[in-house]
1. I need the calculated FRET efficiency for the pair B:A33 and A:A112, taking r as the beta carbon distance and R₀ as 35 Å, to the nearest 0.05.
2. In nm, what is the difference between 0.36 nm times the number of residues separating B:L4 and B:R42 and their Cα-Cα distance?
Amino acid sequence: MTAAVAWETVKRAAGGDSAAKQSLVETTLDNLWGLAMRMTRRPDDADDIVQETYARAFATLSGLQPNGRFEGYLARIATNLVLERWRRKQPKADVPDDTVAPHALEPWQTVADLEDEQRRLAAIWKAVSRLAPEPRAAILLYYAQSQSCDEIGRILDVPLGTVKTWLHRARNQVRHDAEALLASEPAAGRMNIGDAP
Amino acid sequence: MNTLCEQFSEWLDDVPEQPLSDALAAHAASCEACRRQLALERSMQSGLPAGASLDPSRRAALRGRILAAPAKRPAFRLLRWSWAPLAAAAAIVLAVLVFHPFTKSAVAPTLPSDLLADILGPLPYIDSSDPAKPDAAPTAATESSPMGDLLSAFLGDFEGPMKVALGTLDASRAAVEPRAADAKQ
């Protein structure tokens, strides 16, 4: 968990203080890259989004009002950049396998459990990638970034009711599509760790 | 679908605001459909946030790029989209200029001289070269008034070209008149 950015630092950065700018980047970079990565699913795309986000944020620092969180301001810019990309091109249904993070095997889990989990997660990402841009952003901000509905509303610039509607529909759609995807694939053979040959 | 399945579905709609009750957890353990739904929800909660950590080498490179890049002011939304209506308006104006009948060069319809004579009949004779003739048309110069003098002085500049034009009219009339006379007979 990174520390919140102080508005004093933002003010100094707006005045051209390069040390303050560096401090802003240091404090916010990991979270912002995580957001961009979860939305784009590709590290190079995440890099581009993050760089563009800082460039735009630094250009508008002087006009920024010290209300809310600076991180929220960055998230808003980054999310809008991602939304622009999604609107420009159809979202890719395929998710690179290497971006589905492998989980550590819990003591009570079997290899088959882990494989099931991997298949489930891949199906979920595939279903998420089929969503329309705004609900997709909403569900990723909610689950992947643990943002509240209020914060999502501020980031996407929509009322709270709209966020809740998007989330409700997106969750149902993802569960439905993921289940259909899983049903269409053959299930992994169940094998306990102790049964390994 | 039984009541517990419905309750579970309702809980899923509100998840993860509400904790799963013991009764619904026990139901999910025994109901295959609800268990699958719960597993998907758990996977969304645990799997979507995973796999987005920035490794140190990538972080250092990206940090350098960010701090070296110039600040970039976002394009004003109105300007960004204003090209579309402007382009449409320009296309409409261009289409009007190219295809509108007013802009086409007007070619006066010409009638054969004999047909023209049939329509107009014999033209009155006006001898512009001899103003003393009794049937000559009165001109501004014959009027004697300050305004007439002024007009005469002004029209004096056009006397030459006007005479040429009237001469041309005489020639045309001479060509038409005999045919008009024939037509009367």
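Read-outs throughout are calculated quantities, based only on the coordinates presented, and are distinct from any laboratory measurement. Remember, it's a predicted structure, so these values are computed and weren't measured experimentally. All Cβ positions, even for glycine, are placed from backbone atoms using ideal geometry, and neighbour counts span all protein chains on display.
1. Details: r = 20 Å, r/R0 = 0.58.
My answer for the efficiency is 0.95.
2. Gain in length upon complete extension: 11.8 nm.
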